[in-house]
Amino acid sequence: MAQRGRKKGSDGEASRALLLRIAADEFAEHGYHETKISTIVQKANVTQPTFYLYFKSKEAIFEELEDLFRKKLSSLTMGSFLDKDLDGARLPDRIKESLTRVFQFFMDHRSLVRIGFYLAPSAAEVKSQMAAKIETNLREKGVAEYFHPHVDVGIVASGLIGMIERLTATKLWTGEKTASELAKDIVAILLFGLKKEPSIQ
């Protein structure tokens, strides 16, 4: 049952989605403390009481955006895991494809990513969880056989998250590199190092 006074149907959902989108842009650009509900509703062309039909407070809408980012990132991370029976010759391409999807998501949802991966109090925990999932995947029987036995995959996983975080802000969002180009560069570094070897295509 819809809450009293709340718009029903597609109009109500559209208003709520618009408020979320505008709030994401405002939080991403100005930060949590400098973002005002009055600005959000003005840009959404709705009244302040309308805002409170959908969200209890500024904190509530920020937390919903955080949660939305975590769910999307978790799904993306799980879908990027290496298969245990993957053909070793396909390994570079498979990792490149997975990283490209991550970077493209970060590019397509810049405001949401800035909130969940950089600004939110939970950002450090989100990155730690992402690194832990990657480390677990790299340690799985079948997957671990692709890598040197003396490599600390915990460091690899944490380093990868650090690379994604830094390169998104300095290369992807600045337009210097595309999602695919960054993925290719990371694969070249992680799998082939800095020595002069045949490069990946």
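The values are calculated or read from the model by the stated rules, or taken from the named source; none is laboratory data. Worth saying up front: this structure is predicted, and the values here are computed from it rather than measured. A quick note on method: Cβ atoms are made from the backbone with ideal geometry, for glycine too, and the neighbour counts reach across all protein chains shown. To get the accessible areas, we keep the full protein, side chains included, count just its heavy atoms, and leave off ligands, DNA and RNA. Shrake-Rupley method; radii C 1.70, N 1.55, O 1.52, S 1.80 Å.
Observations on the model:
- Max mean-square fluctuation residue, GNM over the chain, Cα-Cα springs under 10 Å, options Arg114, Arg21, Arg70: Arg21
- Ranking by accessible area, most exposed first, for Thr168, Thr47 with a 1.4 Å probe: Thr47, Thr168
- The chain, relative contact order [Cα under 8 Å, separation at least 6], %: 22
- Taking only the Cα atoms of the range 35-90, the radius of gyration and Dmax are 19.4, 58 Å.
- Sites His148 and Thr178 - FRET efficiency at Förster radius 41 Å, r taken between beta-carbons, to 0.05: 0.85
- Mean accessible surface per residue for the range 1-137, computed with a 1.4 Å probe while every protein chain stays in place, in Å²: 56
- Once the Cα atoms are used to define both axes, helix 153-167 deviates from the longest principal axis of the chain by about 50 degrees.
- Counted over the range 9-54 with a bin width of 10 Å, the fraction of Cα pairs per bin, in whole percents, is 30, 55, 14, 1.
- Approximating the spin labels as points 7 Å out from Cα along Cα→Cβ, the Glu59-to-Glu97 distance works out to 4.4 nm.
- Each residue, Ser128 and Ser74, gets one label point 7 Å from its Cα in the Cβ direction; the gap between the two is 1.7 nm.
- GNM top mover of Asp83, Asp11, Asp67 - the chain, alpha-carbon springs below 10 Å: Asp11
- Distance between the 7 Å Cα→Cβ label points at Ala17 and Tyr118: 2.6 nm.
- Ligands, DNA and RNA left out, the 1.4 Å accessible surface of the chain is 52% carbon and sulfur atoms.
- Probe 1.4 Å, all protein chains present, accessible-area order of Thr35, Thr170, largest first: Thr170, Thr35
- Partner lysines for Lys43 [C-alpha distance under 18 Å; skip if fewer than 8 residues away on the same chain]: Lys58
- Most to least accessible of His109, His148 (protein chains only, probe 1.4 Å): His148, His109
- Rounded to the nearest 10 square angstrom, Met107 shows an accessible area of 80 square angstrom against a 1.4 Å probe.
- Helix axis angle, 179-192 relative to the chain longest principal axis, alpha carbon, degrees: 30
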